[in-house]
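Enquirer: Quick one: the structure is below, questions incoming.
The values are calculated or read from the model by the stated rules, or taken from the named source; none is laboratory data. Computed from a prediction, not measured in an experiment: that's the story for all the values here. For neighbour counting, all protein chains shown are included, and Cβ atoms are generated from backbone atoms with ideal geometry for every residue, glycine included. These accessible areas exclude ligands, DNA and RNA; they are computed on the full protein's heavy atoms, side chains included. Shrake-Rupley method; radii C 1.70, N 1.55, O 1.52, S 1.80 Å.
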Amino acid sequence: MQPDQISAADGLPKPRRFVAIAAISAGTALTIIDGGIATVALPTIARDLNVGSSAVVTVVTVYQLILAMALLPFSGLGDRIGLKRMYQYGQLLFTVATLLCFFAKSLPFLLVVRAAQALGAAAALSVSSALIRSIYPTKQLGRGLGINSVVVSSSAALAPTIGGLVLAIAPWPWVFASAVPFAIASLLLGRALPEPRKHDEPFDVLGAVMCAAMIGLVIGGAESAVHGDSPIVSAAIVLTGVVIGWFFVKREQGETKPILPIDLLARPVLALSAIGAYTAFIAQMTLLLSTPFRLTHAYGFSAAEVGAAIAPWPLANMFVAPLSGWLSDRYPAGLLGGIGMGVSICALLLIAYMPADPGYFDIAWRMALCGSGFGMFMAPNARLIIGSAPRERAAAAGGLVSTVRLVGQTTGATLVAALLAMGVGAGMTPPLVAAGLALVAGLCSLSRLRPSIRNPPTEETQDVQPAQQTR
């Protein structure tokens, strides 16, 4: 056995562990920020490239769609070629594509390099959770995933601000190119990452294509139903994706290491965790995307005031997520998640029934409370999924976590668009819908405390704490 394989068995030694943590954190932040930073630059890009507003939105949607389609196939490929190699290849592709964005002079070329960016980001993100499992000792896995949750949430929150700052002093191509030096630094730090034993099984190319087609058609069809003009075409796209998905799932049932981890989802504790995460991410995105419309239209807030009112959410999340991750190494994730969703439900109801003329403080403390609740849920939930999967299926579990997050966020964005189209997206309806979704997530979390679910057969558990079993 190679030294890297030995060290990966229960974390890397110090100080190499800290370098590997820095590499994962920097790489995750870059891919998340670059996915959202373009949003602020869209009007400028449309003007400079002489394209319409509806066309330039594809700069963002192409990135999100390709990322969602590629996560699970790349996690399966990473299992076979090695996690470190997959991560580094992804970072290299992301860096090159980011540099090419600087030279884009037309929308088609920009869309091609954005698609390449998304592929690189998917390759890196698909194995990042599995690498975290190899970097940290088992007893600190929750702490590591809590830190990663902070990186993801804070990066997503900072992306628009960073984009605005860059645009204030430079043309829009610098929005992309400014990340290149940091991407190179992350690539160099990535040499410290562990490289567990790769597997020699052939990669299921057809399964990967079917998985990508299923996700792409369902999400793309749902998006077109909200933004397009032909409900029949949109329904046909979604139906095609569902049919492909049905055949894909039937085919995957015969695979020993399926691309879609149905073998993991067959375990009630992991299925409940995935459903809870999906509904929680929908709830989170529903509130965050609808709140600016409500504050602007109903209460007359300026853009700067809206940003300041929402800021307590990620700030609270940054403090609570690492704490909840640390607690998840000691207490049941089902209990922590249930408490977190209970806090979020109370906060969402308080947001729905705000005063008629709320001030900054009225909104800020409610947002902070809500962010704290979601922060308490996310890290323990991810720790349970990653830690409960067999070590050889860690990449698949990590890909599942990332895919559920992205698909949940996309579903939330589509839901908000639908609510806005119905004329109820700028009032109390979105937080009430989010509260209902949070209730589902909380029930899923508390259900994991049942002895039959909490304590599965010993052969089904891996990195769980002694005498606590899967939590």
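Enquirer: Taking segment 309-341, which residues are open to solvent by 30 Å² or more (accessible area, probe 1.4 Å), farther than 20 Å from residue 151 by Cβ, touching a residue at least 60 places away in the same chain (Cβ under 8 Å) and in a helix (DSSP H, G or I)?
Expert: The one that is open to solvent by 30 Å² or more (accessible area, probe 1.4 Å), farther than 20 Å from residue 151 by Cβ, touching a residue at least 60 places away in the same chain (Cβ under 8 Å) and in a helix (DSSP H, G or I): 335.
Enquirer: Identify the residue in segment 241-258 that is open to solvent by 10 Å² or more (accessible area, probe 1.4 Å) and assigned to a loop (DSSP other than H, G, I, E, B) and, among all such residues, is nearest to residue 388 (Cα to Cα).
Expert: Restricting attention to segment 241-258, the residues satisfying the condition of being open to solvent by 10 Å² or more (accessible area, probe 1.4 Å) are 242-244, 246-247, 249-251, 253-257.
Narrowing the set further to residues that are assigned to a loop (DSSP other than H, G, I, E, B) leaves 253-257.
Details: 253: 20, 254: 22, 255: 20, 256: 18, 257: 16 Å.
Among those that are open to solvent by 10 Å² or more (accessible area, probe 1.4 Å) and assigned to a loop (DSSP other than H, G, I, E, B), it is 257.
Enquirer: When you look at residue 230, is it more than 24 Å from the chain's Cα centre (by Cα), free of Cβ contacts under 8 Å to residues at least 40 places away in the same chain and buried (at least 17 other Cβ atoms within 10 Å of the Cβ), yes or no? Reasoning before the result, please.
Expert: Details: more than 24 Å from the chain's Cα centre (by Cα): yes; free of Cβ contacts under 8 Å to residues at least 40 places away in the same chain: yes; buried (at least 17 other Cβ atoms within 10 Å of the Cβ): no.
Answer is no for this residue.
Enquirer: Going by the conditions given, is residue 64 in contact with a Lys or Arg (Cβ under 9 Å, 6 or more places away or on another chain) and not in a loop (DSSP other than H, G, I, E, B)?
Expert: Values: in contact with a Lys or Arg (Cβ under 9 Å, 6 or more places away or on another chain): no; not in a loop (DSSP other than H, G, I, E, B): yes.
For residue 64, the condition - in contact with a Lys or Arg (Cβ under 9 Å, 6 or more places away or on another chain) and not in a loop (DSSP other than H, G, I, E, B) - is not met.
Enquirer: Further question: What single numbered condition from (1) within 28 Å of residue 389 (Cβ to Cβ); (2) at pLDDT 80 or above; (3) assigned to a helix (DSSP H, G or I); (4) open to solvent by 50 Å² or more (accessible area, probe 1.4 Å) fails to hold for residue 6?
Expert: Here residue 6 clears every test but (2).
Enquirer: Listed residues 31, 44, 39, 58; which is among the polar types (S, T, N, Q), within 25 Å of residue 141 (Cβ to Cβ) and at pLDDT below 85?
Expert: On the way: 44 fails: within 25 Å of residue 141 (Cβ to Cβ); 39 fails: within 25 Å of residue 141 (Cβ to Cβ); 58 fails: within 25 Å of residue 141 (Cβ to Cβ).
From the options 31, 44, 39, 58, the qualifying one is 31.
Yes/no per residue for (1) open to solvent by less than 30 Å² (accessible area, probe 1.4 Å); (2) at pLDDT below 80:
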| position | (1), (2) |
| --- | --- |
| 104 | yes, no |
| 108 | no, no |
| 125 | yes, no |
| 142 | yes, yes |
| 149 | yes, yes |
| 155 | yes, yes |
| 193 | yes, no |
| 208 | yes, no |
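Enquirer: Right, something else. If you check every pair at least six apart or on different chains, which have Cβ atoms under 7 Å apart with a residue in segment 18-30 that is farther than 17 Å from residue 95 by Cβ first and a residue that is open to solvent by 10 Å² or more (accessible area, probe 1.4 Å) and in a helix (DSSP H, G or I) second?
Expert: That search, which allows pairs on different chains as well, returns 19/189; 19/192; 20/192.
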